[in-house]
1. Going highest first, how would you order 386-395, 99-108 by mean Cβ packing within 10 Å?
2. Can you tell me how segment 423-535 classifies by the Cα gyration tensor, rounded, prolate or oblate, using a/c under 1.5 as the rounded cut?
3. Quote the FRET efficiency, to the nearest 0.05, computed for residue 24 versus residue 185 with a Förster distance R0 of 35 Å and r equal to the Cβ-Cβ distance.
4. So what is the relative contact order of the chain, in percent, for Cα pairs below 8 Å that sit 6 or more residues apart?
5. May I ask you to sort 212, 342, 74, 511 by Cβ crowding, counting other Cβ atoms within 10 Å and putting the fewest first?
6. If you take the square roots of the eigenvalues of the alpha-carbon gyration tensor of segment 379-447 and sort them as a ≥ b ≥ c, do you get rounded (a/c under 1.5), prolate (a/b over b/c) or oblate?
7. Ranked from highest to lowest mean number of other Cβ atoms within 10 Å per residue, what is the order of the peptides 353-365, 152-164, 416-428?
8. If I fit a long axis through the Cα atoms of helix 104-131 and take the longest principal axis of the Cα atoms of the chain, what angle between them do I get, 0 to 90°, rounded to 10?
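Read-outs: derived from the displayed coordinates by stated rules, not from any lab. Because the structure is predicted, anything quoted here is derived from the model rather than measured. Virtual Cβ from ideal backbone geometry, glycine too; neighbours counted across all protein chains shown.
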């Protein structure tokens, strides 16, 4: 199809469904809104002394080995890092460039702060591309910059999600302007970069871009005229229009993935968890506050669907949300070693749904354009300030516990044991954020720690600690309370610990000193005790 014809098709389908009322607040379209939103998004991770994202310590230890390039004899005894092309390298690549300039921990802090800022920018850009303006419901999506996957510290995924939002906004904008051929120049390298950042980010862009193109070529009204044949023909043309996004698969042929196997795929359809994850996109510290926010977002999506107007401008995005909803139901919790795969989709679907929403606003009151704009702004500010307080409190506590590492000599071997409750549950709602504090021992003391995770085919760091046996990687650091009917209670973990492989045992739960055979307590912090193994 000629570019001119496609451009006219996009322009015709992109008509704005309904203009906002003349009483629309000016601030909603002001550039200052963008600046304030991005500054607020940076605040929660700028204020704490340590960024208290759950997996961040593990990433820090990984990057310490990566950017050291084998110079430290202590690190080289236990770890090695060899570059290869895998779809999980977003922050790794950034750290390679930033760490020599800023230092290891400041560089990681800068990247970590930048992720929610990019996500807020992506939401605003997507709203402008799809709706032609910032809509009230788009403001409600802004707090999802601190969604549960971000709080968990899934750095490459979170960076990829933010970049996918920006890339989708650019894709739609170029389509609306008729720059169809130019997409090949832009999106061949962009899709490859997104794939390298994180595989799921590339998939998200492909799903929504494909559904957007399909919506411009076919609508349910066409079924009566052309039936399945018309749908298949429209699908073929949409596939051709998005074929530039397949470039990463060519890249894989040129540079095959490392043949290192795959992690497990398990925990298929669990109805209770599937429903629970819908309440957890804003999970942080306070159960009622976080669940109420999630219910509000779900309610707004439902309300916008019930009161929605026919709008071809956003129809494809709704189809994309439907595709991901089906994927969410079918996906297992653990896929080839990656955990919580299904849960990660919920925040992105909510973001796109809130941006794509075109409800019939009330003439006045809370459900009017200006009323919801004020509510959305207040909700975004309240949530981001709440995240700031929560992460500041968690960061203060984490920094106090990290003081234990001041006692650890450089090049030591530290076994971390994080004591958990008996059963895995959503309660307590404020999850344990200290599970990878041992990564700071790698970064700050060039020590060995048993907290690094291994994902075959998705992780470039290798651990070489034969004496540690099963205590070489992060599965060994989780322990249950002694009263639990579990095989990994803290007493059993301590009994199984190979003393010859470690110099210190760091028990992370409280400051209570336990009797540890063959070890003496040398440092107590508010939430941990460090023991030195006596030879």
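1. My ranking of the peptides, most packed first, is 386-395, 99-108.
2. Rounded, since a/c falls under 1.5.
3. That pair, residue 24 with residue 185, gives E of 0.45.
4. 21
5. By the 10 Å Cβ count, ascending: 511, 74, 342, 212.
6. Values: a/c = 3.37, a/b = 1.61, b/c = 2.09.
Judged from the Cα gyration tensor, segment 379-447 comes out oblate (a/c at least 1.5, b/c at or above a/b).
7. In decreasing order of mean packing, 353-365, 152-164, 416-428 become 152-164, 353-365, 416-428.
8. For helix 104-131, the angle is close to 20 degrees.
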